[in-house]
């Protein structure tokens, strides 16, 4: 029997989806692992602890008959870490914890990630299978926890840690750790992952976008539905500024992943915006210097994204496996103005600058994905109609040839815990359906699995949950030709 000090299990949305419809449902179970897990696991290994990472949805994808219970019976371990970063995995994380406790009653089960951090008190109150929660950034806190458990030391010195003490009271240790630099962390020790080779091969194929490569931590923005914005991060992790990895470290990662796993493309886990364009130029220049033949998926978080950046991007990355994405969510300037006034003065996506993106994407023949959403705050029926018109116009103009690589994407959205709209839904004219963890855990257990992995948890003044889902699907289908002609990984 193999023995480990710590195993990490990445949960699915639900444990047993209908695998007869696997092609339809598998994207919803979310194969991606939060990249911080690899840094945490590597930190533990460097300190002499035995570590293994298991990706539950990947294992089930590779073998629909794979059993977590059977696997747990083949190994011995003291601590189980479960990531609850994305709220989509709420039910899956709780079920994984329950199974671990059934099979290994003496094992300590620890949760971490954005969603676990946000709901740490509720989770400890209602779910006895959870022994503790690491809030915020976890590499040093979890290392300290593992050391204290091994040495039978008290847990009150573990930073960022919430737990039940011997008197069954919930204790919350100070949020005292945030990383000052990321350059001492290793985000690519993927050898610790069971079936690591398949992770790189199948994530892109199933999820439609490449595996994430960490670039930094933090965000200077406060998008209305996002739980990873500046204010949310300050509350959840104590992070009040963006830190970026040195470009040389990122180059080391790209070289290692490409050489070891033969990946064709990577998704950069931090977006481009005017304040960091110099960083991206430096990084792209180094990739060219090293002659790394690879593709890239890059998000634009704020405009402008000048022609010069398109030129550098096109010189750096292979055309077939690369894309640039932007998420204005709607082309309505009135909606953008209202959001800018309420939560983020930078939330501006002028239509003329969107047109410039389209022109430059066509000029350099690089796929541009424009993400729209029906059901965004303050959208009127006229706004929705205009977005449909824009999407159809793009399809007719650019969707009939690969020489015009413009893709219009639409998806229903989920209002994430910690986001401005989750904290103050009435200000955004939204009726939030679920705001406690037990409600959300049940909601994701029951929510229908589909190509769209987001489950809608709100109504707007003009649209119900059902209408939001239906209209997003109609917008997606009405512009599907643009998806097919860009060589998209979704097609």
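The values are calculated or read from the model by the stated rules, or taken from the named source; none is laboratory data. Quantities reported herein were computed from a predicted structural model and do not represent experimental measurements. Reconstructed Cβ throughout: ideal geometry from the backbone, glycine too, with neighbour counts over all protein chains shown.
Here are a few things to note about the model shown:
- Total residues in region 436-456, condition out of contact with any helix residue (DSSP H, G or I) (no Cβ under 7 Å at 6 or more places or on another chain) and under 14 Å from residue 87 (Cβ atoms): 5
- Against the test of being free of Cβ contacts under 8 Å to residues at least 60 places away in the same chain and crowded, with 23+ Cβ neighbours inside 10 Å, the options 396, 382, 368, 372 yield a single qualifying residue, 368.
- Wholly enclosed helices (runs of 4 or more DSSP H) of region 17-72 bearing at least 2 residues more than 21 Å from the chain's Cα centre (by Cα) and at pLDDT 95 or above: 36-46, 68-72
- Condition met for residue 312 (over 23 Å from the mean Cα position of the chain (by Cα) and either under 27 Å from residue 264 (Cβ atoms) or outside any strand (DSSP E or B) (or both)): yes
- Being within 24 Å of residue 226 (Cβ to Cβ) and in contact (Cβ under 8 Å) with a residue 40 or more places away in the chain is a property that holds for residue 348.
- Being closer than 30 Å to residue 252 by Cα and assigned by TED's automatic domain parsing to the domain that holds residue 45 is a property that does not hold for residue 105.
- Once region 447-465 is narrowed to residues that are within 30 Å of residue 398 (Cα to Cα) and surrounded by fewer than 17 Cβ atoms within 10 Å (Cβ to Cβ), the residue that is modelled with the highest pLDDT is 450.
- Note on region 232-243: among residues that are outside any loop (DSSP other than H, G, I, E, B) and without any contact (Cβ under 8 Å) to a residue 60 or more places away in the chain, the one that is surrounded by the most Cβ atoms within 10 Å (Cβ to Cβ) is 233.
- The number of residues in region 378-420 being touching a strand residue (DSSP E or B) at 6+ places or on another chain (Cβ under 6 Å) and at pLDDT 95 or above comes to 2.
- Scope region 304-326; condition more than 13 Å from residue 365 (Cα to Cα) and either out of contact with any helix residue (DSSP H, G or I) (no Cβ under 7 Å at 6 or more places or on another chain) or surrounded by fewer than 14 Cβ atoms within 10 Å (Cβ to Cβ) (or both); matching residues: 306, 308, 325
- Counting only strands (runs of 3 or more DSSP E) that sit completely within region 351-449, those holding 1 or more residues that are more than 22 Å from residue 467 (Cβ to Cβ) and in the same structural domain as residue 333 (by TED's automatic domain parsing) correspond to 367-372, 406-410.
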